[in-house]
Amino acid sequence: MARTAPRDIARLKGSIVPLVTPFRPDGVIDEKALVDLIEWQIDSGSHGISVCGTTGEPSALSLEEREQVMELAARTIRGRVAFVPGTGTNNLDETLRLTRFAAKLGADAALVIVPYYNRPSQEGLYRYFRRLADAVDLPLILYNIPGRTAVNLEPATMARLRRDCPNIIGVKESNKDFEQVSKVLHACGRDFHVYSGIELLCYPMLAVGGVGHFSATANVLPREVAALYDHVAAGRWREAIDLHYHLLPMNEALFLETNPGPVKWVLGQLGRIHPVYRPPLCEPSPANQERLRQVMASYGLEPVPRGGEPAAGEDAGGPVAAVGDATGSPDGAGSGIAVRGMGPTSRVSGRGDAGPRAGATADPAPGAAGASGRRGPTAAPDAAGAAGGGTA
């Protein structure tokens with residue numbers, strides 16, 4: 001039976017990072033690198049961890065490997081932040097197996113993708129998710145990514161599921177039609193948890209009532225992506241829009257090719273992982289590697305050989321830029337946040353604790369005309385002109 005009331009979902013907000021799955025040079029899952037990535041994300045202020053989503057190459061993993069990754073992640077996180085593993089497949093029995101396993105591990109929720117390749121009708125999607133929700137005792141977040149599944153989960157279908165399945169509590173929206181988000185919130189209620197899965201729409205979705213984002217960019221710039229939510233939660237809308245534009249060049253560069261190709265390549269450059277892929281994915285082309293190097297340099301991200309020691313004053317995520325007292329608050333209380341991986345001239349306003357976590361009350365967003373015109377680092381011309389945003 002489905003839950004009659006979902007467990008406490010208050011902390012399922014903010015930056016829930018869709019982690020890459022690191023592999024060793026022999027192609028086996030690199031458990032040490034995965035643990036290190038999770039610890040780095042938590043230390044950097046990320047609000048949650050998601051494994052085995054699109055960025056985690058789930059289609060290249062066996063069911064046993066997905067369970068291996070989920071179990072290691074749960075053991076490493078230890079309840080310190082939200083844990084939202086991806087458990088969806090295009091086979092209901094497999095999805096049930098993985099989702100039940102996530103519940104057994106104590107996950108806060110499961111992220112369940114619209115079945116891919118099958119191209120089901122809306123009625124078929126309703127029945128699929130209804131059967132899943134009835135069979136598991138765990139909050140579920142739907143994952144709507146029509147660019148990969150070839151079908152859109154319509155707002156009316158989500159409204160039916162919300163009405164009939166109390167444990168379906170939200171959706172990760174990776175539909176580039178921005179109208180969809182407002183229609184979902186209108187149909188499902190504004191307490192329905194909507195997350196952005198489009199990097200360039202993280203800020204806009206927060207502005208219309210979203211509660212967070214699953215952004216692949218957080219694999220590379222975790223502090224900044226978390227701070228974007230923290231600023232909005234604290235009502236610091238101008239700082240948030242500054243950060244939105246600061247992140248834009250990196251958001252575009254990481255989707256020069258299919259995700260997670262560029263993300264894993266950049267993490268390899270930073271010494272975080274071995275940049276190993278499973279076929280049919282592979283490393284970015286030489287031309288795109290050069291574009292990525294230029295964008296990395298614009299953020300002050302320096303290559304670090306895996307196993308090497310960062311230079312003094314840096315960590316493997318790049319130099320730490322101390323952001324001064326620039327909150328614009330009348331009492332001058334804001335002392336700034338330490339933002340890793342930002343260029344020497346970049347400034348993003350914030351407070352020492354990067355703002356409150358979920359549940360803070362924010363003031364209404366100001367009009368675009370009231371926002372600062374700063375747009376972050378200067379990206380390489382080719383990267384800046386790339387098609388905007390991707391899907392994590």
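Packing, as the average of other Cβ atoms within 10 Å across residues, places the peptides 99-108, 220-229 in the order 220-229, 99-108, highest first.
Per-residue 3J(HN,Hα) values for segment 204-218, derived from phi via the Karplus relation 6.51 cos²θ - 1.76 cosθ + 1.60 with θ = phi - 60°, read x, 5, 4, 5, 9, x, x, 10, x, 7, 10, 10, 4, 4, 5 Hz in sequence order (x marks Gly and Pro). Close amide-amide hydrogen proximity is noted between Phe83 and Ile49, Asp108, Ala109, each under 5 Å apart and 5 or more residues distant or on a separate chain (H modeled in the peptide plane; Pro and chain starts excluded). Residue ranges 18-24, 144-150, 190-196 sort as 18-24, 190-196, 144-150 when ordered by packing (mean number of other C-beta atoms within 10 Å per residue, highest first). Here, segment 43-132 is characterised by an Rg to Rh ratio of 0.99, where Rg is the alpha-carbon radius of gyration and Rh the Kirkwood radius. Here the Karplus relation 6.51 cos²θ - 1.76 cosθ + 1.60, evaluated at θ = phi - 60°, turns the backbone of segment 261-267 into coupling constants of x, x, 4, 5, 5, 5, 4 Hz, with x for every Gly and Pro. Here's how it looks for Ser215: its modeled amide H is under 5 Å from those of Ile16, which are all 5 or more places away or on a different chain. Label separation (Ala156 vs Ile29): 4.1 nm, computed from points 7 Å beyond Cα along the C-beta direction. At a probe radius of 1.4 angstrom, the accessible area of segment 1-147 per residue rounds to 38 square angstrom.
Counting protein heavy atoms only, segment 61-207 has 47 percent of its accessible area on carbon and sulfur, 1.4 angstrom probe. For segment 249-258, the Karplus equation 6.51 cos²θ - 1.76 cosθ + 1.60, evaluated at θ = phi - 60°, returns couplings of x, 5, 4, 6, 5, 6, 10, 4, 9, 4 Hz by residue, with Gly and Pro reported as x. Once backbone amide H atoms are built at 1.01 Å from N, Lys172 has Leu142, Tyr143, Asn144, Tyr195 as its partners under 5 Å, excluding neighbours fewer than 5 places away on the same chain.
The values are calculated or read from the model by the stated rules, or taken from the named source; none is laboratory data. This is a predicted model, so every value here is computed, not measured. Glycine also receives a Cβ, built like all others from the backbone with ideal geometry; neighbour counts cover every protein chain displayed. The protein model used for the area step is the full one, side chains on, heavy atoms only, and it has no ligands, DNA or RNA in it. Shrake-Rupley method; radii C 1.70, N 1.55, O 1.52, S 1.80 Å.
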